[in-house]
Amino acid sequence: MTFLTFFFPILTVLLLLSFYLNLPGLKSCLRPLDMPPPPPGRKRPRLLREDRSRRLTRKDALPMLLITLLYACTAFFRLGSFTDPQTFVPMAETEAVLTLPEGALPSQLVLYPGVGIGGYTIEYSEDGETYERVDSFVQDHVAVLKWASLCPETELRPRAIRISGSYGHPWLGEVLVLDGDGQPVAFQCSIPALCDEQETMPESFTFQNSSYFDEIYHARTAWEHLNGVSPYETTHPPLGKEIIGIGILLFGMTPFGWRFSGTLFGVLMLPLLYILLKRLFGGRLIPSLGTVIFATDFMHYVQTRIATIDTYSVFFILLMYLFMYLWLSEDRLWALALCGVSFGLGAASKWTSLYAGAGLALLWLVHWIGRFRSARKERMEPEKEEAVLPAFLWNVLFCLIFFIAVPGLIYLLSYIPYARAAGTPIFSKQFLILVYNNQYYMFTYHSQSVLGSTHPFSSNWYQWLIDARPILYVLEYPTADTHISIAAWLNPVLCWGGLMSLPVLIWMATLRRDRRAGFILVGYLSQLLPWIPVPRLTFAYHYFPSALFLTLSLSYMMALLRENRRRWRVSAITLTAGSAALFVLFFPVLNGLPVKAELVPILYKWLPSWPFY
């Protein structure tokens, strides 16, 4: 380790301390309600102003669109290949014979496995009639949608090569034969679909042209849903995989195609977050800075660029809380209805959205308790006080429709691909049994089957709070002195700064009774607390939904500064610039760019548990 190893983390901590400790207004803001008034000439600090403009205007369009477009450019940069094989052949009890030209000397066989699990037997024949086994290939769940190279150890000079499915139900995408110089050998294949996309073979096999991490489950299942095949991944609800399938329909079964939808949803989170920040705090600077902080968060960038379902859960959680706040602040039923629809879409994508639903229920309950207490405190006439009860009962009925019936319908409809693969009519008894059985399986899997399992990059909830253990998705060595890695964890400015803001948030929500602080705190705790008693393996990406509320919390700190200090802009902009600077510094290990091996431990291994080499 060198001085630089400690320089950047120390600088980050100093940046956060300067933001929190050099705030004379913050101390007065935290003064208990029963403290004596301030000395003459000094004003008592106010809670966040209610009279600031919170309506979107034309002036908001520029920062909102500019941040979104700049982020979109980085998000789609090197997202993945456009040219992987598109046709897959089921190889169960099937064989393909490759007839080579006379004098050909094959050195390698290159396969592109499609979906399915099984194995292949590789046989050579010198006369085209008698075959000898020279190799085999196992297409397990990890090998799907990844280029693979085989170098059979044999002295045979084959005239024909036979590839046959030996067990299971594997689907094969493409086969290439290479000579000793690594050049493709022309051949004739008994199954033309296995040699019709030879030009798609890349120069090297990397995450750019192959699946990585849980894409082996979710991208594969998205293709299966599109093609009426019984899905392999059934441990989560299907909607997230169906959204992944939209990108596949647009751009093909390629890495870019199966990653497109998640990246687009990650981009769309930014204008939605801007709108929520605008509604919470008004103005344009705080919504802009808060959106930049989230745009430069490591987890948001990495997790939305991989074809997994967490992106959609977080997207719909953001929508839920945006619409819930619109209802709480403006009492608009359409917003409450859309909140329920968003809840249904989130639950149909991943069960973690149910945690957000618990937070929404608490906010709804506190809202109505406040209305009843307000009616009694103001000593309204009995008939006016009793008028709150019918409004409450009507709202209960409304919520039963939009938070139970409508989400239930959305959830059921998301299982249409299951019914299609099984040949089951929609809403039939068999269909309902199919859906029920999957719920039972998912619950059993997450509560029992993974207990006692281990993973080198797993982490516990208390490690998420301080960025103690990122999850490593990619680690490649293109040359002897360069590394390529992709990892997911929160930007330290957001993670550490957000953690430091929580005591202030708790104080303001409980003792100062600030509604916006309570709103943010409920959202954060509803995403974190359910993970504390979970005994199964957990990972850093389970903290992704909490990043939304940490962003809101940091923005809340900026709003406190705005109310209690004239030159608050310098502190807020400096903090945001620090987040952007770390994003630039860590961009190579977020995007998978090559890095000199000697620089990795110096620049990126801030903690011993950070796994970048």
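The values are calculated or read from the model by the stated rules, or taken from the named source; none is laboratory data. Not measured: the values here are computed from a predicted model. Glycine gets a Cβ as well: all are built from the backbone with ideal geometry, and neighbour counts include every protein chain shown.
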Gly290, sole failed condition from (1) under 14 Å from Thr308 (Cβ atoms); (2) buried (at least 24 other Cβ atoms within 10 Å of the Cβ): (1)
task: Kindly provide the set of residues from the stretch 504-557 that are small (Gly, Ala, Ser) and either in contact with a strand residue (DSSP E or B) (Cβ under 9 Å, 6 or more places away or on another chain) or farther than 19 Å from Tyr301 by Cα (or both), ordered by number.
output: Ala509, Ala517, Gly518, Gly523, Ser526, Ala540, Ser553, Ser555
- prompt: Within the stretch 511-525, is even one residue closer than 29 Å to Pro456 by Cβ and out of contact with any Ser or Thr (no Cβ under 9 Å at 6 or more places or on another chain)?
  reply: no
- prompt: In the stretch 99-142, what residues are in contact (Cβ under 8 Å) with a residue 40 or more places away in the chain, crowded, with 18+ Cβ neighbours inside 10 Å and not in a strand (DSSP E or B)?
  reply: Leu100, Pro106, Gly114, Val115, Gly116, Ile117
message: Restricting to the stretch 332-347, and then to whatever is over 16 Å from Phe443 (Cβ atoms) and aliphatic (A, V, I, L, M), can you tell me which residue is nearest to the chain's Cα centre (by Cα)?
response: Leu345
task: Name every residue in the stretch 195-226 that is under 15 Å from Leu109 (Cα atoms) and either without any contact (Cβ under 8 Å) to a residue 60 or more places away in the chain or among the small types (Gly, Ala, Ser) (or both), in order of residue number.
output: Gln198, Glu203, Ser204, Phe205
Unique residue being in contact with a Leu (Cβ under 8 Å, 6 or more places away or on another chain), farther than 26 Å from Phe583 by Cα and hydrophobic (A, V, I, L, M, F, W, C) when the list is Ile532, Ile506, Ile520: Ile506
- line: When the stretch 301-348 is checked residue by residue, the ones that are modelled with pLDDT under 95 and of a type in the set (Ser, Thr, Tyr) are Ser329
- prompt: In the stretch 537-556, which residues are more than 15 Å from Ser313 (Cα to Cα) and surrounded by fewer than 24 Cβ atoms within 10 Å (Cβ to Cβ)?
  reply: Leu537, Thr538, Phe539
message: Return the residues of the stretch 157-213 that are farther than 26 Å from Gly592 by Cβ and of a type in the set (Gly, Ala, Ser); say none if nothing qualifies.
response: Ala160, Ser164, Gly165, Ser166, Gly168, Gly180, Ala186, Ser190, Ala193
- prompt: Do we have Leu239 as surrounded by fewer than 18 Cβ atoms within 10 Å (Cβ to Cβ), within 30 Å of Ser353 (Cα to Cα) and within 36 Å of the chain's Cα centre (by Cα) here?
  reply: no
- line: Of (1) surrounded by fewer than 14 Cβ atoms within 10 Å (Cβ to Cβ); (2) aliphatic (A, V, I, L, M); (3) farther than 30 Å from Leu250 by Cα; (4) under 40 Å from the mean Cα position of the chain (by Cα), Leu69 satisfies every one except (3)
message: Name the single residue that is nearest to the chain's Cα centre (by Cα) among those in the stretch 478-503 being buried (at least 19 other Cβ atoms within 10 Å of the Cβ) and of a type in the set (Val, Ile, Thr).
response: Ile486
message: Return the pair list, or none, for Cβ contacts closer than 6 Å from residues in the stretch 398-414 that are small (Gly, Ala, Ser) to residues that are modelled with pLDDT of 95 or more and part of a helix (DSSP H, G or I), at least 6 apart or on different chains.
response: Ser414/Leu239
- request: Mind listing just one residue for me: the one in the stretch 138-165 that is among the small types (Gly, Ala, Ser) and within 37 Å of the chain's Cα centre (by Cα) and, of those, farthest from Glu215 (Cα to Cα)?
  value: Gly165
Pairs where the first residue, in the stretch 540-554, is at positive phi and the second is part of a helix (DSSP H, G or I) and surrounded by 24 or more Cβ atoms within 10 Å (Cβ to Cβ), C-beta under 6 Å, 6+ apart: none
query: Identify, please: which residue in the stretch 449-508 is hydroxyl-bearing (Ser, Thr, Tyr), at pLDDT 90 or above and not in a helix (DSSP H, G or I) and is, among those, nearest to Pro588 (Cα to Cα)?
result: Ser485
query: Looking at this structure, is Ser28 at pLDDT below 80, surrounded by 11 or more Cβ atoms within 10 Å (Cβ to Cβ) and not in a loop (DSSP other than H, G, I, E, B)?
result: yes
task: For the stretch 565-582, indicate whether the set of residues that are surrounded by 21 or more Cβ atoms within 10 Å (Cβ to Cβ), at pLDDT below 95 and in contact with a helix residue (DSSP H, G or I) (Cβ under 6 Å, 6 or more places away or on another chain) is non-empty.
output: yes
query: Among the residues of the stretch 248-267, how many are surrounded by 24 or more Cβ atoms within 10 Å (Cβ to Cβ), more than 14 Å from the chain's Cα centre (by Cα) and of a type outside the set (A, V, I, L, M)?
result: 2
- line: Quick count over the stretch 136-157, residues being closer than 15 Å to Ala96 by Cα and not hydrophobic (A, V, I, L, M, F, W, C), is 1
statement: Taking first residues from the stretch 82-98 that are within 10 Å of Leu172 (Cα to Cα) and second residues anywhere that are of a type in the set (Ser, Thr, Tyr), the pairs with Cβ under 7 Å that are 6 or more apart or on different chains are Pro85/Tyr112; Pro85/Thr200; Met91/Tyr120
query: Within the set of pairs 6 or more residues apart or between chains, which connect a residue that is modelled with pLDDT of 95 or more and part of a helix (DSSP H, G or I) inside the stretch 271-300 to a residue that is of a type in the set (Asp, Glu) and surrounded by fewer than 24 Cβ atoms within 10 Å (Cβ to Cβ) with Cβ atoms less than 7 Å apart?
result: Lys278/Asp60
Test set (1) assigned to a loop (DSSP other than H, G, I, E, B); (2) within 30 Å of Phe294 (Cα to Cα); (3) touching a helix residue (DSSP H, G or I) at 6+ places or on another chain (Cβ under 8 Å) - Thr83 fails condition number: (2)
